[in-house]
Amino acid sequence: MAIDPAARSVAVLGPQGASSDLTYDRLIIATGARPVLPDIPGINLPGVCPLHTMGDALAVNDLLERASSSCSAVIVGAGYIGLEMAEALVGRGIDVTVLSRSGRLFPTVDTEFGTAIKNELARHGVHVVRSGNLEEITAAGDGRRLVAHSSEAEGVTADLILVAVGVQPDSRLAASAGVTLGTNGAINVDRAMRTSVPEILAAGDCAETWHRLLQRNLYLPLGTTSHKQGRVAGETAVGRAGRFEGCVGTQVVKLFDLVVARTGLLDCEAREAGFAPTTVETEAWDHKAYYPDASKLRLRVTGDRATGRLLGAQILGTWGKAEVSKRIDVFATALFHEMRVDAMSDLDLSYAPPFSSPWEPVQMASQAWSARL
Ligand SMILES: Cc1cc2nc3c(=O)[nH]c(=O)nc-3n(C[C@H](O)[C@H](O)[C@H](O)COP(=O)(O)OP(=O)(O)OC[C@H]3O[C@@H](n4cnc5c(N)ncnc54)[C@H](O)[C@@H]3O)c2cc1C
């Protein structure tokens, strides 16, 4: 596929190899992202898999079905895809080792929560190895299995090596049309999802994302953001005044019996952005403790000491018990509307003993933050 912006046409290769030209009034590029695959010896060996497309998932499944009953897997990368896959593979009875470059698991949340995640992985038999950089993958002596070699650990042998070290924007098509690239090589877009080339728009994992708190574009590829950007790009393409209102970085993940969620900025990110952050952690029951099945939640609230503005929140709780995702969404809504931490107590949130407390845990955590100032 090739774009000719001057002629406003796209050359498309058909199934038989014949090329045909499609002309356009507006063109939306939504080419997504590509998994990052380290440029190291052995990365193309059979049994080394990325996990991005449905095809990748089916290839992993095929490999596992052909592997011996005592199958083992190495997962390179301790982000959400790597850790979700650890859970999925353990569920199939596979022995899993996670290679974590820095030793810091799931770096999208504070280390205080990383430790709880590490304990949860250990409880389910997942080995976590602080590995440094992955340097080489070789075939094992038996010729059937693979060995992952890294800078700070012994080689680890496995039937499958899953590489989940992040994604990069697939902006190659856009770049070939002369479109300006920005953060991390993602397509630079304005709030209407217009690129630098007239009549070409972009949306989703190939494009930059406007961050409401940071008030700048960054690269944060997520399904939630992609859907909104796609809608805005479509509106702009048909001449409506579409505007992407930006993200606040809300994410949630289930890891075995834990749910971890975050929204907004971590303390270190807020400081780097010029705020004066303070982060306070609180523990609260998810619902009234006298009602059966109550479980503890850990909530970390980050606010700006200078203005009292809410900057971010992280929550850790038990899957199937505490409603972590509902609660992080309350913080995400507050962040979207630039609320102060103390104003969280004014929100009229639902309460009955099986669900919450008269002061909902997000309010207790916000009050604990205000009390610490
Ligand atoms: C394993 C996994 C789990 C995820 N879980 C979550 C989650 O829980 N929550 C969340 O918010 N996000 C999640 N994401 C991220 C989410 O899937 C992406 O943000 C979202 O799919 C991006 O949508 P998109 O349309 O921009 O790109 P994609 O969905 O990647 O679609 C891009 C499409 O463009 C096609 N394409 C590329 N180049 C060309 C070309 N030159 N010609 C024709 N077609 C082309 C590609 O083949 C692809 O079909 C996950 C991603 C992965 C990989």
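Values in this text are rule-based calculations from the coordinates and carry no lab data. Everything numeric here is computed off the predicted structure, so don't read it as measured data. When we count neighbours, we look across all protein chains shown, and the Cβ atoms used for this are built from the backbone with ideal geometry, even at glycine.
What are the semi-axes of the equivalent ellipsoid for the range 1-142, taken as the square roots of 5 times the Cα gyration tensor eigenvalues, largest first, in whole Å?
Ellipsoid half-lengths, sorted descending, are 38, 21, 15 Å.
Once Rg and the Kirkwood radius are both taken over the C-alpha atoms of the chain, their ratio Rg/Rh works out to 1.01. Can you work out ³J(HN,Hα) from phi for every residue in the range 136-148, in order, using Karplus 6.51 cos²θ - 1.76 cosθ + 1.60 and θ = phi - 60°, giving whole Hz and x for Gly and Pro? Working through the residues one at a time gives 6, 10, 10, 6, 6, x, 6, x, 9, 10, 10, 10, 8 Hz. Amide H to amide H distances under 5 Å link Ala33 with Asp170, where only residues 5 or more positions off or on other chains count and H is placed in the peptide plane. Across the range 341-352, computed HN-Hα scalar couplings (Karplus, 6.51 cos²θ - 1.76 cosθ + 1.60, θ = phi - 60°) run 4, 5, 6, 4, 5, 7, 5, 8, 9, 6, 8, 8 Hz from first to last residue, x flagging Gly and Pro. Each label was represented as a point 7 Å from its Cα along the Cα-to-Cβ direction; for His337 and Val12 these points are 4.4 nm apart.
With a cut-off of 15 Å between beta carbons, the residues surrounding Pro46 carry a summed charge of -2, where Lys and Arg count +1 and Asp and Glu -1. Of the peptides 244-251, 86-93, the ranking by mean beta-carbon count within 10 Å, highest at the top, reads 244-251, 86-93. For Ser345 and Gln215, what does the FRET efficiency come to when R0 = 30 Å and r is the distance between their Cβ atoms, rounded to the nearest 0.05? Approximately 0.65, to the nearest 0.05. Helix content alone sets the calculated 222 nm mean residue ellipticity of the chain: runs of n ≥ 4 DSSP H residues at -39500 (n - 2.57) each, divided across all residues, give -7000 deg cm²/dmol.
The phi torsions of the range 76-81, fed into the Karplus equation with coefficients 6.51, -1.76 and 1.60 and a -60° offset, translate into couplings of 9, x, 10, x, 5, 5 Hz, rounded to whole numbers, with Gly and Pro shown as x.
Take the alpha carbon gyration tensor of the range 100-141, find the square roots of its eigenvalues, order them as a ≥ b ≥ c, and report rounded if a/c is under 1.5; if not, report prolate when a/b exceeds b/c, else oblate.
The shape class here is oblate.
Between amide H atoms placed 1.01 Å from N, distances below 5 Å from Trp285 occur with Leu297, all of them 5 or more places distant or on a separate chain.
Between the amide H of Gly312 and those of Leu265, Thr302, distances stay under 5 Å, these residues lying 5 or more places away or on another chain, with hydrogens modeled in the peptide plane.
Take 136-148, 265-277 and order them by the average number of nearby Cβ atoms within 10 Å per residue, most first; the result is 265-277, 136-148.
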